[in-house]
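The values are calculated or read from the model by the stated rules, or taken from the named source; none is laboratory data. As the structure is a computational prediction, the values presented were derived from the model and not from experiment. Cβ: placed from backbone, ideal geometry, glycine included. Neighbour counts: every protein chain shown.
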Amino acid sequence: MITKKEIKEIMKLKGMVRGVTLKTDAEYILNKKGEKGLERLQREILKTGESIKYKEIKNVKWYPMGWRIVSLLVIKEIFDWGDKEIVEMGHSAPKNSFVVKIIMRYFISLERTFREVSKYWEKHYSVGRLVSDEIDLGKKYVKIKIEDFKGHPILYTYFKGYFGAIVSLMVKTDKIKTLEENYTYKGDSFHKITIKW
């Protein structure tokens, strides 16, 4: 169980997120676990002392970064999920995002897509920057860096699935591997994720 002390530390993290990120969590649980699963999640969230009420969240309004982390941690805990399930959750998000589908429709190169996704980051997170560090189509990999972002390990687990899904949509394959190379939560100055196909 997540302790009140842990939640207090999480809530000290700098930054805000758009409500759509929290709504995406709720929609995923609704699809996976049904209305009862979503109600259970809502009850458990409120027990943490945080007032995340998914049905009242507004897509474009800013909410504390800590809420994003608490949401994912409670989901992982109450449904007894591991990292694999959180990666899968992140992987499903772009496939259901109207904005990402539009980006994919108009930007047919991986390089251009990741430039646009970098702009998309700024619309969802008030802190940090997403940078396309390296793209090698011949060797079939993309490296992205997340800079100036102090998150929590569960967020990066989610991001592995999220960015892996964007690459899989562009290169039209499900054979995607995501690896973390640098870790801000271990003291590195940036977080690096490599996506291979």
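What do you reckon, is ARG18 buried (at least 17 other Cβ atoms within 10 Å of the Cβ) and outside the structural domain of ALA165 (by TED's automatic domain parsing)?
In short, yes.
Please pick out the residue among LYS160, LYS123, LYS143 that is surrounded by 14 or more Cβ atoms within 10 Å (Cβ to Cβ) and either among the acidic types (Asp, Glu) or in a helix (DSSP H, G or I) (or both).
LYS160
Going by the structure shown, is THR178 within 30 Å of GLU77 (Cα to Cα) and assigned to a strand (DSSP E or B)?
Here the answer is yes, as THR178 does meet what is asked.
What residue, of GLY187, GLY151, GLY128, is surrounded by fewer than 17 Cβ atoms within 10 Å (Cβ to Cβ) and of a type in the set (Gly, Ala, Ser)?
After ruling out the rest, the residue left standing is GLY187.
Return a yes/no flag: does the range 87-99 have any residue that is closer than 24 Å to GLY19 by Cα, assigned to a helix (DSSP H, G or I), among the hydroxyl-bearing types (Ser, Thr, Tyr) and modelled with pLDDT under 85.
For the range 87-99, residues closer than 24 Å to GLY19 by Cα, assigned to a helix (DSSP H, G or I), among the hydroxyl-bearing types (Ser, Thr, Tyr) and modelled with pLDDT under 85: absent.
Within the range 74-86, restricting attention to residues that are crowded, with 21+ Cβ neighbours inside 10 Å and in the same structural domain as ILE10 (by TED's automatic domain parsing), which residue is farthest from TYR28 (Cα to Cα)?
VAL74
Quickly run through the range 24-52 and pick out the residues that are in contact with a helix residue (DSSP H, G or I) (Cβ under 7 Å, 6 or more places away or on another chain) and not hydrophobic (A, V, I, L, M, F, W, C).
THR24, ASP25, TYR28, GLY37, ARG40, GLN42, GLU44, THR48, GLY49, GLU50, listed by residue number.
Looking at (1) more than 19 Å from ASP188 (Cβ to Cβ); (2) in contact (Cβ under 8 Å) with a residue 40 or more places away in the chain, which is the one condition that is false for ASP174?
(2)
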